[in-house]
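K.L.:
Quick one: the structure is below, and I'll ask about it shortly.
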Amino acid sequence: MTKTTTNQPDGQEKIGVYVCHCGSNIAGMVDVQQVAQWAGSRLKDRGVVVARDYKFMCSSLGQELIEKDIKELGLTRVVVAACSPHLHEKTFRTACERAGLNPFLCELVSIREQVSWVHTDKVVATQKSQAVVSGGVERVLHHEPLEPLTVPIHPDTLIVGGGIAGIQAALEIADAGYHVFIVEREPSIGGHMAQFDKTFPTLDCAACILTPKMVQAGTHPNITLLTWSEVEKVEGYVGNFDVTIRKKARKVNVEKCTGCGICQEKCPKKIIDDVYEAGLGYRKAIYTPFPQAVPKYPVLDVKNCIFFEKGTCKACQKFCPTDAIDFEQQDEILNVKVGNIILATGYDLFDARKVTNYGYGRLANVFTSIEMERLTNAAGPTNGQIVLRDGKTVPKAVGIIHCVGSRDRNFNNYCSVICCMQSLKFAHLVHERTGATVYNFYIDMRTPFKDYDEFYQRVLEESTLFVRGKVAEVTDAARLPGEEGKLIIQVEDTLAGKQRRIPVDMVILSTGLEPRRDSREVGKLFGISCSANGWFTEKHPKLDPVATMTEGIYIAGCAQGPKDIPASVAQGAAAAARVLGKIQQKEMALEPVRASVIEEKCSGCRICNNLCPFNAIFFHEDRMVTEINPALCQGCGTCVAACPAGAITGTGFSNEQVLAQIDGLLLLNVGDEPIPV
Amino acid sequence: MATPQTLDPPKAVPKMIEDLTLLEEVSARTAGVSRLEMCIQCGTCGGSCPSAADMDHTPRMLFAMLRAGMRQAALMSNTPWICVSCYHCVVRCPQNVHIADVMYTLKGMAIEAKLFQDSTAPDFSQTFVDMVEEYGRSYEFGLATRHYLKHFPLRLPGMAPMGMGLLSKQRMSITPTRIKDIKQLKAILKRAKEIEGDNHG
Amino acid sequence: MAKYLLYPGCSMESSAKAYADSLAAITKPIGLELEEIQDWNCCGATEYLGISLTPAYALITRNLALAAQQANGHRTVVAPCSACYLNLAKADYYMREQPKLGKMVNEALQAGNLSYKPGSLEIRHLLDVIIYDIGLENIKSKVVRPLTGLRVAPYLGCMVPRPDYEGRWSDHEHPVELDLLLKALGAEVIDFPLKTHCCGGHMTQIGPETAFELIRRLIASADQYQADLMATLCPMCQMNLDAYQSETNRHFGTNYHMPIVFFTQLMGVAFGIAPEKLGFGMELVSAKKALEKIGLEIPEQETLLTRPKKAEGLPMPKPLPLKHQVAKKDEVEK
């Protein structure tokens, strides 16, 4: 024994070691009995008074075992060798607490994720488990009893994004009697759903089911609607967020505006509407994106306004009956305090021009799915007529291509979830409104939810032609008779095993969903992370899908990953339920694992300042030292590792504890006896 | 077209025996990382192929056959020989399978196993390679005459004006060019063949 | 002046002599210095790869090894032929992707006292170097006889824009580089939908009927667009479309007359170099008539097959911005 003797405990501590089999998860690769026996004998002089193995330590019987030992043997420290602390740290801490031991005197070490699941040699795995247990024992000796912090929870909630997920969440919380701020970047709430005509699988009119909710959100006494606004800064922590919001100048005095629409009518500047009309239609420089917009007040697009460009015009002002146009209006900065935040920022569409072999942007009659939504919409640029780009010809044959930009490593390697059903919906609408022959080109049909496959059956009944094959190219280069003047879809019909060339008049690309282009910046702003593809990461993919690793920040809808309207609504409601649960608690306990700065050691280098993923670090310019807000800190340890002066220490992660754990891990290597297996 | 011929008809083997090492072998013998096992059978390759109409199996089907261990049927397929190496399928493949290189591998394996329906293409490749190994450069006149005499004798009169045209316009030379250090090249190729033999012999 | 190592490839000395002649004629005006790799050998075309893996890659890599020896500070190998370009690029790339291949190839090269470290050279096609290193503005400034009125189908074939391991080209399917060059020469460039489709490759030799169909598609499409000629950058494409055109006509009972020339020949013409120095006359389908058009008034051609420039009715989406290279180049030129 060399190193470990330097950390010799005072001999007063009594440690219990508990090794879990986890069924065969651990026991299949680790000789758990051996580990327990070894700990009981080899670590006796380190204070281990009892070491046991058990089939499922997390079961109530397993927990009772620990509780009984604490009471009967007077244990002062507990080490559990089982799964990752992510899963059961809380379980075992609570068990200790029940038996009267401070829960932070319990240490959970992972011999499943870090040992049994990643090793294939039982001997080595068993040795490693012993090392891991030894490390845990050394570490737990340095633990201190900690008391959790409690913080009050502000009852207001911020929801970012006014699409269907955000609206749903807002209404749930507002109806429960709590105040909500909705921040929406665009002039109106409604999101993508407001652009659609019909919704699958029941073909409800999107506007008919969405606008009542929009109106409710717009008039609800508990909802403050901040459209044409963006969040600029988020400070604080769960229960106490300080949010800075920029309310962009509408150039319209909403106190005076009645939403009569005369300004839009009189505005002489016509611009292609890339957002709401997906580039297929026009809007004015002063506009509300669509008739049912909430709020009803228009927005003046300064970049395209003749007055702001040339200094003359002012047609909107001249004709406004209530003198509501205010060219001098400036952006407003608002500060709001909220206890919880829901991010429902939605998605962007894949840019179909990138798939050059499908010709979008080059071949006039290739359309994207969102263009198709506008074409089929009664309030769209063609009043719901499905016509070619010339604005008048009704197609006789239409090809709908699935998986454009999805399930393709050249673009996005994930399934966009909604495209199969969306394509079926288009097939139905084209059939119903034009009588055209409709082809669907798919790789795999994915219609897994309630009434979805029934809708597929219905579209089959309508004689839609299904071709199983990913389309190779869309071309206007005629090769065979009958192809002149057509778009030719070249594809392998994989079920027939033959290449086919199918001439059509119109091609619809079922384009996939992508994370918002700025999702990473937004994630950073709110202190949450994104997956490799850029979707916001949930706390647990199955068991905690709307929470994030940052307390008080929730996600809902497509910001978390591609999903359809029913799933988005469900997530909006789920996030609201989580927030309401938090609000009802009135105050909440924070895990006391926190970093703190030893001021005498801090050199003021500020290296740690920008590293904190939770924005918990502040710098005192006057004293030139850094301070960590204990309520904001999530105990991740990034700053502790980064500090060149060693001035930051973490409760539960002090240098002393970490070095002791390393000593413990190395016990087998420095031991004076042969490695026992 | 010349009459298709089969060299050494394959020995009979019991039907329905799946050779599950086939996919792995093809993958291992392909330059780079073939990603063949990643195929999702979407048909992008078969849809893209400019010469698919003349193939007995689309590339996608061929990959399914490799997966199913249908060694003989797969190597007998004319598909790799009809592949024109246009790489349309390669850049469009959603799984980034190195399709064109897999085709090269299948040709090599078919030659090795003497499994092909029509010897025109393998002969052409072999003749081309023979010339290159001999001279270090391709020798179009020698190649064309030898190849056409054997495989398209009836075509020769039709081809003559073109050949004469190329000759008269100095676009084809009757004599071959040889690189200076042909010895070095031959030594390299000899060693390369030994290595190849060690690997797949 | 930038200096490059030239890998000419076998065709440049025989079937594509016009390419070699015209390239030699334009290098000086555009300031391109090419140094031929000494004692290079055939790249194996599309044939050796189908026979045996290691020998095929050893054959290709001998050239890279020689080039690296000769490089003397330069590291760019330029290949004018598509198949050569792809083979060299492919060997370099795969030996990096799969180090085992690099090991086997180097073991073979050792038998000739050669070695090559994958990735030590940069392998580029001639057009790539002309567009991105020499630059369009530079080329424009050398034009004395603009190709005004000449309708050209830009034809790249397969192996230059694909598989494009290093992402050098603006697109795999509809790259713009050749169009930009021909436009800089003053030509009227048609939006040729088959610009990267296959010429038939070696199928003219082993399955002529397959090849004829591919040749027909290309010529018929260029003809539909009323191109005066097709400009190509690949000896194999030129050979197939030019030398086999009459046979293709015979096979389908058609009567196409579509001259196929190398883009370097057109550069030479635009630079005012005499056509005979540019290899004109070597093509089997004569480009004489097409050449006569240059400098003449553009006749009113209403029936030409073109895509509608401005769609009436619903607006078209904006074109995707070009990839970084072209975009950056354009900025510099502005």
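K.L.:
Looking at the range A:265-312, which of the residues that are among the hydroxyl-bearing types (Ser, Thr, Tyr) and surrounded by fewer than 15 Cβ atoms within 10 Å (Cβ to Cβ) is farthest from residue A:390 (Cα to Cα)?
P.N.:
Looking at residues that are among the hydroxyl-bearing types (Ser, Thr, Tyr) and surrounded by fewer than 15 Cβ atoms within 10 Å (Cβ to Cβ), I get A:312.
K.L.:
Inside the range A:212-233, can you point out the residues that are buried (at least 19 other Cβ atoms within 10 Å of the Cβ) and either modelled with pLDDT under 95 or out of contact with any Asp or Glu (no Cβ under 6 Å at 6 or more places or on another chain) (or both)?
P.N.:
Of everything in the range A:212-233, those that are buried (at least 19 other Cβ atoms within 10 Å of the Cβ) and either modelled with pLDDT under 95 or out of contact with any Asp or Glu (no Cβ under 6 Å at 6 or more places or on another chain) (or both) turn out to be A:213, A:214, A:217, A:218, A:223, A:225, A:226, A:228, A:229, A:231.
K.L.:
Considering each residue of the range A:387-411, count those that are in contact (Cβ under 8 Å) with a residue 60 or more places away in the chain and over 22 Å from residue A:490 (Cα atoms), and give that number.
P.N.:
1
Per-residue answers, yes or no, for (1) closer than 21 Å to residue C:53 by Cα; (2) facing another protein chain (nearest Cβ under 8 Å); (3) surrounded by fewer than 23 Cβ atoms within 10 Å (Cβ to Cβ):
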residue: B:38; (1), (2), (3): no, no, yes
residue: B:55; (1), (2), (3): no, no, yes
residue: B:59; (1), (2), (3): yes, no, no
residue: B:64; (1), (2), (3): no, no, yes
residue: B:68; (1), (2), (3): no, no, yes
residue: B:78; (1), (2), (3): yes, no, yes
residue: B:86; (1), (2), (3): yes, yes, no
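K.L.:
Just checking, does the range B:105-121 include any residue being within 20 Å of the chain's Cα centre (by Cα), under 30 Å from residue C:173 (Cβ atoms) and either among the small types (Gly, Ala, Ser) or modelled with pLDDT under 85 (or both)? Lay out the reasoning, then the answer.
P.N.:
Here is the first cut: in the range B:105-121, the residues within 20 Å of the chain's Cα centre (by Cα) are B:105-121.
Filter once more, so that each one left must be under 30 Å from residue C:173 (Cβ atoms): B:105-108, B:121.
Still in the list and also either among the small types (Gly, Ala, Ser) or modelled with pLDDT under 85 (or both): B:108, B:121.
Yes, there is a match, as at least one residue in the range B:105-121 is within 20 Å of the chain's Cα centre (by Cα), under 30 Å from residue C:173 (Cβ atoms) and either among the small types (Gly, Ala, Ser) or modelled with pLDDT under 85 (or both).
K.L.:
Within the range A:280-339, can you find the residues that are on the phi > 0 side of the Ramachandran plot and in contact (Cβ under 8 Å) with a residue 24 or more places away in the chain?
P.N.:
A:313, A:323
K.L.:
Here's another thing I want to ask about it. Mind telling me which of the residues A:484, A:432 ends up being out of contact with any helix residue (DSSP H, G or I) (no Cβ under 8 Å at 6 or more places or on another chain) and either closer than 30 Å to residue A:561 by Cβ or assigned to a helix (DSSP H, G or I) (or both)? Explain how you work it out, then say what you get.
P.N.:
On the way: A:484 fails: either closer than 30 Å to residue A:561 by Cβ or assigned to a helix (DSSP H, G or I) (or both).
Within the list A:484, A:432, the selection yields A:432.
K.L.:
If you take the residues of the range C:258-268 that are aliphatic (A, V, I, L, M) and surrounded by 24 or more Cβ atoms within 10 Å (Cβ to Cβ), which of them is nearest to the chain's Cα centre (by Cα)?
P.N.:
C:261
K.L.:
Confirm whether residue C:209 is surrounded by fewer than 21 Cβ atoms within 10 Å (Cβ to Cβ), in a loop (DSSP other than H, G, I, E, B) and either more than 12 Å from chain B (Cβ to nearest Cβ) or modelled with pLDDT under 95 (or both).
P.N.:
Against the criterion (surrounded by fewer than 21 Cβ atoms within 10 Å (Cβ to Cβ), in a loop (DSSP other than H, G, I, E, B) and either more than 12 Å from chain B (Cβ to nearest Cβ) or modelled with pLDDT under 95 (or both)), residue C:209 does not qualify.
K.L.:
Where residues in the range A:402-417 are more than 14 Å from chain C (Cβ to nearest Cβ) and surrounded by fewer than 24 Cβ atoms within 10 Å (Cβ to Cβ), which of them is farthest from residue B:95 (Cα to Cα)?
P.N.:
Filtering first and then ranking leaves A:417.
K.L.:
Could you grab me the full set of residues in the range A:576-591 that are out of contact with any Ser or Thr (no Cβ under 6 Å at 6 or more places or on another chain), touching a residue at least 12 places away in the same chain (Cβ under 8 Å) and not small (Gly, Ala, Ser)?
P.N.:
Result: A:578, A:580, A:582, A:583, A:585, A:586, A:588, A:590, A:591.
K.L.:
Return a yes/no flag: does the range A:448-461 have any residue that is in contact with a strand residue (DSSP E or B) (Cβ under 6 Å, 6 or more places away or on another chain) and either within 14 Å of another protein chain (Cβ to nearest Cβ) or of a type in the set (Phe, Trp, Tyr) (or both).
P.N.:
The answer is no; no qualifying residue exists.
K.L.:
Going through A:270, A:256 one at a time, which residue ends up being more than 30 Å from residue A:552 (Cβ to Cβ) and without any contact (Cβ under 8 Å) to a residue 60 or more places away in the chain?
P.N.:
A:270
K.L.:
So which residues in the range B:126-182 are among the charged types (D, E, K, R) and at the interface with chain C (Cβ under 8 Å from one of its Cβ atoms)?
P.N.:
B:137, B:140, B:155, B:169, B:171, B:180, B:181
K.L.:
Can you list the strands (runs of 3 or more DSSP E) found entirely within the range A:490-529 that contain at least 3 residues being within 11 Å of chain B (Cβ to nearest Cβ) and either closer than 23 Å to residue A:428 by Cα or in contact (Cβ under 8 Å) with a residue 12 or more places away in the chain (or both)?
P.N.:
Filter on the range A:490-529 gives A:498-504.
K.L.:
Take the conditions within 14 Å of another protein chain (Cβ to nearest Cβ), out of contact with any Cys (no Cβ under 8 Å at 6 or more places or on another chain), assigned to a strand (DSSP E or B) and over 30 Å from residue A:559 (Cβ atoms) and apply them to residue A:399. Does it pass?
P.N.:
Considered against the rule, which asks whether it is within 14 Å of another protein chain (Cβ to nearest Cβ), out of contact with any Cys (no Cβ under 8 Å at 6 or more places or on another chain), assigned to a strand (DSSP E or B) and over 30 Å from residue A:559 (Cβ atoms), residue A:399 comes out as yes.
K.L.:
Same structure again: Which pairs do you get when a residue that is more than 7 Å from chain B (Cβ to nearest Cβ) and under 18 Å from residue A:508 (Cα atoms), found in the range A:468-483, comes within reach of a residue that is of a type in the set (A, V, I, L, M) and surrounded by fewer than 19 Cβ atoms within 10 Å (Cβ to Cβ), reach meaning Cβ atoms under 7 angstrom, with the pair 6+ apart or on two chains?
P.N.:
Going by the 7 Å Cβ cut-off, the qualifying pairs are A:468/A:495; A:474/A:363; A:476/A:363.
K.L.:
May I pose another question? With A:388, A:334 as the choices, which residue is within 12 Å of another protein chain (Cβ to nearest Cβ) and either of a type outside the set (D, E, K, R) or part of a loop (DSSP other than H, G, I, E, B) (or both)?
P.N.:
Details: A:334 fails: within 12 Å of another protein chain (Cβ to nearest Cβ).
None of the others qualify; the one that does is A:388.
K.L.:
Follow-up. What is the number of the single condition among (1) free of Cβ contacts under 8 Å to residues at least 60 places away in the same chain; (2) more than 14 Å from chain B (Cβ to nearest Cβ) that residue C:114 does not meet?
P.N.:
All conditions pass for residue C:114, except number (2).
K.L.:
A follow-up question, please. Take residue C:154 and decide whether it is within 14 Å of chain B (Cβ to nearest Cβ) and either closer than 19 Å to residue C:128 by Cα or without any contact (Cβ under 8 Å) to a residue 24 or more places away in the chain (or both).
P.N.:
Values: within 14 Å of chain B (Cβ to nearest Cβ): no; either closer than 19 Å to residue C:128 by Cα or without any contact (Cβ under 8 Å) to a residue 24 or more places away in the chain (or both): yes.
For residue C:154, the condition - within 14 Å of chain B (Cβ to nearest Cβ) and either closer than 19 Å to residue C:128 by Cα or without any contact (Cβ under 8 Å) to a residue 24 or more places away in the chain (or both) - is not met.
K.L.:
Would you list the strands (runs of 3 or more DSSP E) that sit entirely within the range A:142-222 and hold 1 or more residues that are out of contact with any His (no Cβ under 8 Å at 6 or more places or on another chain) and without any contact (Cβ under 8 Å) to a residue 60 or more places away in the chain?
P.N.:
Filter on the range A:142-222 gives A:180-183.
K.L.:
Select from the range A:534-555 the residues that are over 11 Å from the mean Cα position of the chain (by Cα) and touching a residue at least 40 places away in the same chain (Cβ under 8 Å) and list them in ascending order.
P.N.:
Selection gives A:550, A:551, A:552.
K.L.:
For a quick check of your reading of the model, give me the residue pairs whose first member lies in the range C:25-54 and is within 7 Å of chain B (Cβ to nearest Cβ) and farther than 21 Å from residue B:194 by Cα, whose second is assigned to a loop (DSSP other than H, G, I, E, B) and among the β-branched types (Val, Ile, Thr), with beta-carbon atoms closer than 8 Å and at least 6 apart or on different chains.
P.N.:
Going by the 8 Å Cβ cut-off, the qualifying pairs are C:39/B:179.
K.L.:
Can you say whether residue A:584 is out of contact with any Pro (no Cβ under 9 Å at 6 or more places or on another chain), polar (S, T, N, Q) and in a helix (DSSP H, G or I), as far as the supplied structure shows?
P.N.:
For residue A:584, the condition - out of contact with any Pro (no Cβ under 9 Å at 6 or more places or on another chain), polar (S, T, N, Q) and in a helix (DSSP H, G or I) - is met.
The values are calculated or read from the model by the stated rules, or taken from the named source; none is laboratory data. In this text the structure is predicted, and so the values were computed from the model without any measurement. No Cβ is skipped: glycine too gets one built from the backbone with ideal geometry, and neighbour counts run over all protein chains shown.
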